[in-house]
1. Filter the helices (runs of 4 or more DSSP H) completely within the stretch 125-242 down to those with at least 1 residues that are without any contact (Cβ under 8 Å) to a residue 24 or more places away in the chain and outside the structural domain of Ala470 (by TED's automatic domain parsing).
2. Within the stretch 165-199, take every residue that is under 17 Å from Gly401 (Cα atoms) and of a type in the set (Val, Ile, Thr) and give me the one that is least open to solvent (accessible area, probe 1.4 Å).
3. Take the residues of the stretch 330-372 that are part of a loop (DSSP other than H, G, I, E, B) and away from ligand 2 (no atom under 16 Å from the Cβ): which is surrounded by the fewest Cβ atoms within 10 Å (Cβ to Cβ)?
4. Only one of Val335, Val362 is closer than 30 Å to Leu117 by Cβ and in the same structural domain as Thr290 (by TED's automatic domain parsing). Can you tell me which?
5. How many residues are in contact (Cβ under 8 Å) with a residue 60 or more places away in the chain and out of contact with any Gly (no Cβ under 8 Å at 6 or more places or on another chain) when one looks only at the stretch 102-122?
6. Here is a list of conditions, (1) within 15 Å of ligand 3 (Cβ to nearest atom); (2) in contact with a Cys (Cβ under 9 Å, 6 or more places away or on another chain), and Ala230 meets all of them except one; can you say which number that is?
7. Return yes when Thr279 is crowded, with 21+ Cβ neighbours inside 10 Å and of a type in the set (Ser, Thr, Tyr) and no when it is not.
8. If you check Asp377 against the conditions, is it open to solvent by 10 Å² or more (accessible area, probe 1.4 Å), within 14 Å of ligand 1 (Cβ to nearest atom) and not β-branched (Val, Ile, Thr)?
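The values are calculated or read from the model by the stated rules, or taken from the named source; none is laboratory data. Quick caveat: nothing in here was measured; it's all calculated off a predicted structure. Neighbour counts run over all protein chains shown; Cβ positions are idealised from the backbone, glycine included. Please note that ligands, DNA and RNA were not included when accessible areas were found on the heavy atoms of the full protein model with its side chains. Shrake-Rupley method; radii C 1.70, N 1.55, O 1.52, S 1.80 Å.
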Amino acid sequence: MRIKIKCASLTQVKADLIVVNFFKGVKKPEGAAAVVDKLLKGQIVKLINDGEIEGSLGEVTIIHTGGGKFAVVGLGEKDKFGLDQVRVAGAAAIKEAKRIKAKSVATIVHGSDVGKLDLEAVAQAVVEGSVLGGYEFKGEKSESPKSEIRVNELIIIEKDNKKISAIKKGAKLGQIVAEAENRAKDLVNGPSNKITPTYLANYARQMSKEVGLKCRILDPKAEGMEAMWAVAKGSKEPAKVVVLGNQKRGTIALIGKGVTFDAGGISLKPSNKLWEMKTDMAGAAAVIETMRAAVELGIAKDVFAVIPLTENMPDGGALKPGDVVSSLSGLTTEVISTDAEGRMILADAITYAKEQGAETIVDCATLTGGCLSALGDVATGLMGNDQELIDKIKRAAEKSGEKVWQLPLYEEYKDYLKCSVADQKNCTEGRGASPSTGATFLHKFVGDTSWAHLDIAGTAYLSKGRGYLAEGATGVPVRTLIEFLNV
Ligand code: BES
Ligand code: ZN
Ligand code: ZN
């Protein structure tokens with residue numbers, strides 16, 4: 001989607017659809033809607049009085065005139081209005097534009113006059129909502145779907161010249177962020193017979209070439225990543241570790257779990273919804289696309305990424321419950337369940353990142369079904385050993401609209417992993433608190449390095465779309481990670 005910022009009045013703009021807005025509970029159209037109402041000879045007022053326009057969040061009413069089409073999009077209640085409501089409104093308008101085959105859409109920056117919100121952030125949110133709301137996974141259908149119709153131009157209109165530069169800045173950021181997120185979604189929605197470790201490694205290499213980022217692809221076995229290798233050896237697909245960016249002392253390392261299919265290994269998962277385990281590389285996809293965005297935004301110098309990629313399959317040569325394996329750090333693990341594989345591959349990625357000089361580590365991983373049970377598909381579980389870093393991520397998440405909820409890392413959870421034959425077990429059977437237990441396992445490898453862990457098992461994939469997110473992959477936590485790096 002091309003995005004243009006124009007200093008003009010709505011009535012001067014040429015577009016297939018012109019979008020204005022309306023708050024719930026307000027009696028009369030305000031601002032741009034009032035201008036359009038005048039142009040439409042009071043049609044908006046009439047629809048409000050008839051109760052056809054209520055202004056509830058995401059409601060879209062199309063009004064035709066001889067001269068063109070207008071959309072009145074509801075913003076919900078004024079006192080509940082914030083950046084995420086802007087995204088929802090932006091997405092609603094774009095979806096409706098697609099439906100009526102409007103190729104160019106002109107919009108005002110919703111709520112830029114509400115006052116409490118920062119104009120640049122609102123402009124960013126309008127673009128994010130529009131680009132995210134327009135997303136559809138293409139897939140491999142032989143007949144091209146009707147949804148080939150796309151909005152290819154979004155024109156943001158502002159009549160006050162003084163506001164243009166802030167809007168331009170916000171819009172650019174919003175576009176980079178949302179496009180990164182949509183690409184991450186494509187990777188997560190893709191089937192595991194296509195999105196293999198090799199595919200993702202090549203994808204990361206190609207991306208790096210395009211944007212000018214350093215990319216290395218490592219063989220986990222040759223690197224001594226024994227914990228990761230233990231997981232990978234049951235699969236025919238060769239495992240890879242992708243390292244993006246410059247490893248330097250003092251930098252931030254992003255780590256993303258990249259299990260391209262998690263069958264559970266010998267601790268085989270039940271077949272119900274097993275296909276969803278193609279999404280077990282959502283952390284990897286998010287980190288790859290965050291790195292691309294970091295380059296595009298000029299903030300890549302202080303960050304590098306370590307992305308362990310493998311399948312987790314049952315096989316004659318696979319890891320077995322009860323096996324004891326070493327790791328890059330030398331710490332040993334007794335494998336209670338081969339389905340707790342994410343923490344094994346992350347353990348080696350964490351050690352590698354530390355060896356390469358990382359002083360802050362942020363990992364994201366579809367780590368535990370327990371996180372989905374606890375927080376549903378609404379919030380990501382956030383854990384770590386550095387409250388300041390955790391708070392920083394909370395603030396970034398709040399601004400990005402991706403909800404996070406901190407879960408505890410109590411000392412007692414260490415008892416859950418106590419082991420008589422190795423340094424730790426990889427999980428417990430039936431003691432609960434699996435998100436915290438998983439993070440406790442990782443903590444042992446992290447040590448004192450400043451660290452935050454995002455468990456995205458619930459939030460990476462939606463079985464039902466909502467707001468600006470379609471059913472399927474969400475791209476979480478791309479927006480939070482970029483916001484975190486960008487402050
Ligand atoms: N990839 C799964 C976690 C998962 C579950 C992600 C549902 C997305 C949706 C992970 O590897 C796993 O299997 N975790 C186990 C851990 C257990 C054995 C301690 C789980 O959550 O059951
Ligand atoms: Zn698993
Ligand atoms: Zn997994």
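1. Result: 164-189.
2. Only one residue tops the list, namely Val177.
3. So in the stretch 330-372, the residues part of a loop (DSSP other than H, G, I, E, B) come out as 330-332, 335-341, 356-357, 366-368.
Checking which are away from ligand 2 (no atom under 16 Å from the Cβ) leaves us with 330-332, 356-357.
Values: Gly330: 10, Leu331: 17, Thr332: 16, Gln356: 16, Gly357: 14.
In this case the residue turns out to be Gly330.
4. Values: Val335 fails: closer than 30 Å to Leu117 by Cβ.
Answer to the check: Val362.
5. Qualifying residue count, the stretch 102-122: 6.
6. Status for Ala230: all satisfied but (2).
7. Working: crowded, with 21+ Cβ neighbours inside 10 Å: yes; of a type in the set (Ser, Thr, Tyr): yes.
Judged against the criteria, Thr279 is a match.
8. For Asp377, the condition - open to solvent by 10 Å² or more (accessible area, probe 1.4 Å), within 14 Å of ligand 1 (Cβ to nearest atom) and not β-branched (Val, Ile, Thr) - is met.
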